[in-house]
Amino acid sequence: MSQQALIVRQHPNPAFVLGVATNLLYKHSPFKEMLTEYFVGGLIGQIQREHYFITFEGDEIVGFTGWGL
């Protein structure tokens, strides 16, 4: 199995980013215990402020990182 370099970047489509982040995180603690308004609301804020990165391995999305200041 060959490994490709990880690429960390943002994406120009906020709706795409929200879908990616939600899909990656919703099954994992602490996100699965959160009310939707807090979980999705937090992601929307990160995306609107551009406080996030998506991690790609080749064409595959393998991670999401978001932060708040």
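The values are calculated or read from the model by the stated rules, or taken from the named source; none is laboratory data. This structure is a prediction, so every number in the text was calculated from the model and none was measured. A quick note on method: Cβ atoms are made from the backbone with ideal geometry, for glycine too, and the neighbour counts reach across all protein chains shown. Quick note on the areas: whole protein, heavy atoms, side chains included, nothing else; ligands and nucleic acids left out. Shrake-Rupley method; radii C 1.70, N 1.55, O 1.52, S 1.80 Å.
Overview of values
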read-out: T36, sole failed condition from (1) under 14 Å from V62 (Cα atoms); (2) hydroxyl-bearing (S, T, Y); (3) exposed (fewer than 14 other Cβ atoms within 10 Å of the Cβ); value: (1)
read-out: Hits in segment 40-51 - residues which are under 11 Å from L18 (Cβ atoms) and either touching a Leu at 6+ places or on another chain (Cβ under 8 Å) or acidic (D, E) (or both); value: V40, L43, I44, I47
read-out: Any hit, segment 16-26, residues being open to solvent by less than 80 Å² (accessible area, probe 1.4 Å) and outside any helix (DSSP H, G or I); value: no
read-out: Breaking point among (1) modelled with pLDDT of 95 or more; (2) over 11 Å from the mean Cα position of the chain (by Cα), for T36; value: (1)
read-out: G66 under 16 Å from P12 (Cα atoms) and either of a type in the set (A, V, I, L, M) or under 9 Å from the mean Cα position of the chain (by Cα) (or both); value: yes
read-out: Whichever residue in segment 39-69 is in contact with a helix residue (DSSP H, G or I) (Cβ under 9 Å, 6 or more places away or on another chain) and part of a loop (DSSP other than H, G, I, E, B) and, among such residues, is least open to solvent (accessible area, probe 1.4 Å); value: H51
